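S.K.: Take this structure first; my questions come after.
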Number of protein chains: 2
Amino acid sequence: MRTLTADTRQRIVDAAAQLFAVQRFHEVRMEDLAAAAEVGKGTIYRYFHDKEDLYRGLIATAAEQILQDVDRRLADVEQPQAKLEAILQAAFDFFETHPYLSDLLQRVEALSPSDETFAWTPVRKEFARRVATILADKSLAVADPASAALMLLGAMRQVHRFGKRPLTPKMVEQVVSTFLYGAAKRRPCGK
Amino acid sequence: MRTLTADTRQRIVDAAAQLFAVQRFHEVRMEDLAAAAEVGKGTIYRYFHDKEDLYRGLIATAAEQILQDVDRRLADVEQPQAKLEAILQAAFDFFETHPYLSDLLQRVEALSPSDETFAWTPVRKEFARRVATILADKSLAVADPASAALMLLGAMRQVHRFGKRPLTPKMVEQVVSTFLYGAAKRRPCGK
């Protein structure tokens, strides 16, 4: 058996990303994946157990990239609010640069909502954990950082997914600010 | 051709809801749907064009129920904050009472994220529109009610979908309060 190489694996993953972006999961055939990646079908099976495994490999690769980008950006900022903006902007930029992945994740998440081994679940949790850690900063005094992190990520998701296009460059700042200080402007002072 | 009846349609929809709850869309066979509904396969095709049409009919029925419940609850309250709690509680209760529908909606939404004719899209928009109308109440002074409505619904979705179980009865109130007045307790006075 020939050696597996990172280059070939990446070529298969890239081809899969293109196909899954325009076809439903069950419509994508291994033959088409092989043709798009310019490898034999047998080669794909040496790297991936089946179509679902390939799908998950694609997600795992994306997950690694986004978390590395988050780390890089967080290294540059100090204030909690700026950190929240940086981590959300990383997610936002990632999905803008890889538009097909947003749809892909919806699909995979929908396929196995409660499967703890699902490739994206640990990433989603790690992302929420990092946001919660920032929210636990004493200067913010957030009552329940774990729930608040879910709220912030959910708010961001919905605006990104269903908000008016084009999204303004200030959108991430607005979401973070609204989330931290409230949508209602007339909060009683000191409350 | 025999007359179509609301009873038979509802029996088919109920059977479909049970099957789609435990099987993936492409795994559900019309034969099994017919057996579960105790009708012939031909009967199903007199009510629904195909499996996707049946799926959408199921979603449309759910949509009608949830919007009627929202109307009923909103009739009882006056204050904007209480209205927001009532509308989110209606959604929350609906998905708790019909747990399979939450997963179903994820799946259908993932299948056709940009299809404007998709049965749930107008419901999601109508729901967001109603929340935005409440947020536009002058007493709250929300800057951008449409975006704020998306944020609130996204926050609620994420907490409902990924929050710690069991969800506390106060959860809806907490989400609304955090959203309106901010997650950070130490907002500068007058900001």
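S.K.: Taking helices (runs of 4 or more DSSP H) that fall entirely within region B:83-179, which contain at least 1 residues that are under 14 Å from the mean Cα position of the chain (by Cα) and either outside the structural domain of B:Glu64 (by TED's automatic domain parsing) or at pLDDT 90 or above (or both)? Talk me through it step by step, then tell me what you get.
M.R.: Details: elements: B:99-111, B:120-135, B:145-162.
By residue number, B:120-135, B:145-162.
S.K.: Only one of these is closer than 23 Å to B:Asp93 by Cβ, at pLDDT 85 or above and part of a helix (DSSP H, G or I): B:Ala16, B:Ala36. Name it. Write out each step before concluding.
M.R.: Working: B:Ala36 fails: closer than 23 Å to B:Asp93 by Cβ.
After ruling out the rest, the residue left standing is B:Ala16.
S.K.: Then there is this: Scanning region B:180-191 for residues that are within 7 Å of chain A (Cβ to nearest Cβ) and surrounded by fewer than 17 Cβ atoms within 10 Å (Cβ to Cβ), which turns out modelled with the lowest pLDDT? Give the steps one after another, and end with the answer.
M.R.: So the first thing to find is which residues in region B:180-191 are within 7 Å of chain A (Cβ to nearest Cβ), and the list is B:180-187, B:189-191.
Those left that are additionally surrounded by fewer than 17 Cβ atoms within 10 Å (Cβ to Cβ): B:185-186, B:189-191.
Values: B:Lys185: 77, B:Arg186: 60, B:Cys189: 52, B:Gly190: 48, B:Lys191: 45.
Among residues in region B:180-191 that are within 7 Å of chain A (Cβ to nearest Cβ) and surrounded by fewer than 17 Cβ atoms within 10 Å (Cβ to Cβ), the one modelled with the lowest pLDDT is B:Lys191.
S.K.: Report yes if A:Tyr55 is crowded, with 16+ Cβ neighbours inside 10 Å and among the aromatic types (Phe, Trp, Tyr), otherwise no. Break it down into steps so the answer makes sense when it comes.
M.R.: Working: crowded, with 16+ Cβ neighbours inside 10 Å: yes; among the aromatic types (Phe, Trp, Tyr): yes.
So A:Tyr55 fits the description; yes.
S.K.: Take the residues in region A:152-174 that are surrounded by fewer than 20 Cβ atoms within 10 Å (Cβ to Cβ) and closer than 17 Å to B:Ala184 by Cβ, then tell me which one is farthest from the other protein chains (Cβ to nearest Cβ).
M.R.: The selected residue is A:Glu173.
S.K.: So is A:Glu64 closer than 22 Å to B:Glu27 by Cα, in contact with a helix residue (DSSP H, G or I) (Cβ under 9 Å, 6 or more places away or on another chain) and in a helix (DSSP H, G or I) or not?
M.R.: Working: closer than 22 Å to B:Glu27 by Cα: no; in contact with a helix residue (DSSP H, G or I) (Cβ under 9 Å, 6 or more places away or on another chain): yes; in a helix (DSSP H, G or I): yes.
Answer is no for this residue.
S.K.: Output yes when any residue across region A:26-45 is closer than 21 Å to A:His160 by Cα and loosely packed, with under 14 Cβ neighbours inside 10 Å, and no when none is. Walk me through how you get there before you give the answer.
M.R.: So the first thing to find is which residues in region A:26-45 are closer than 21 Å to A:His160 by Cα, and the list is none.
Checking region A:26-45: not a single residue is closer than 21 Å to A:His160 by Cα and loosely packed, with under 14 Cβ neighbours inside 10 Å.
The values are calculated or read from the model by the stated rules, or taken from the named source; none is laboratory data. This is a predicted model, so every value here is computed, not measured. Glycine gets a Cβ as well: all are built from the backbone with ideal geometry, and neighbour counts include every protein chain shown.
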